[in-house]
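Notes to accompany the following structure.
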Amino acid sequence: MAPQYSQPTRLSDYIAFMLPWAHGHQLKAIGDFVAALIEQQTACQAQLAHHFGNQEAAVKRLSRLLHNERLDPRLLADAVLLQALHQLPQHGNVRLAIDWTIEAHQHLLVVSLIVGRRAVPMYWRAYDTSVLSAYTKLILYFSPKFLMTSSTYWTR
């Protein structure tokens, strides 16, 4: 059985700062699963559940969090992006990877910050086919210097 722990105050404060619109239970659930992600270093639900004492209850809790209609994924993505932008250096190059994933009728835009040899997702958004193609055309039209390949440098 996994030991009970109290979530580090610094992580709790950071999540509360990033998500000022979320209420207490939402913040606690997000904080618990962020701590599990950090400790387990995986996004696999079954492995994340190992972090908690009761695996069955942890899987149900994670499922409720992921399917909570009051937690708007767009607000979460925006919060992560804003926090990441505040932490970027004020001058110099920043390397981004832009991924347009299309699978069946699901379209996803992911912008990741390249840190060393890793890509850290900073922004993600699901789109309808017509919206995604319109955005693609706009980006390709207005930023030919910006899109060199699937990754690029951005200077602040």
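Just so it is clear, none of the values below were taken in a lab; they were calculated from the coordinates. Since the model is a prediction, treat every value here as computed from it, not as a measurement. Neighbour counts are summed over all protein chains in view; Cβ atoms, including those assigned to glycine, are modelled from backbone coordinates with ideal geometry.
Restricting segment 1-81 to trypsin sites (Lys or Arg not before Pro) that sit in a DSSP loop and have at most 10 other Cβ atoms within 10 Å of their own Cβ leaves Arg70. Of the GluC sites (Glu not before Pro) found in segment 1-107, those that fall in a DSSP loop while having at most 14 other beta-carbon atoms within 10 Å are Glu69.
What the phi angles of segment 22-38 give under the Karplus curve with 6.51, -1.76 and 1.60, with θ = phi - 60°, is a coupling list of 7, 8, x, 5, 5, 4, 5, 5, 4, x, 4, 7, 5, 4, 5, 4, 5 Hz, glycine and proline written as x. Look at the Cα gyration tensor of segment 9-66: its axes a ≥ b ≥ c give a/c of at least 1.5 with a/b over b/c, and that counts as prolate.
Scalar couplings 3J(HN,Hα) for segment 98-107, obtained by applying the Karplus form with A = 6.51, B = -1.76, C = 1.60 to θ = phi - 60°, are 10, 10, 9, 9, 10, 9, 6, 9, 9, 10 Hz; x denotes Gly and Pro.
Here the Karplus curve 6.51 cos²θ - 1.76 cosθ + 1.60, taken at θ = phi - 60°, turns the phi angles of segment 60-72 into couplings of 5, 5, 5, 4, 4, 5, 5, 9, 6, 5, 7, 9, 6 Hz, with x standing for Gly and Pro.
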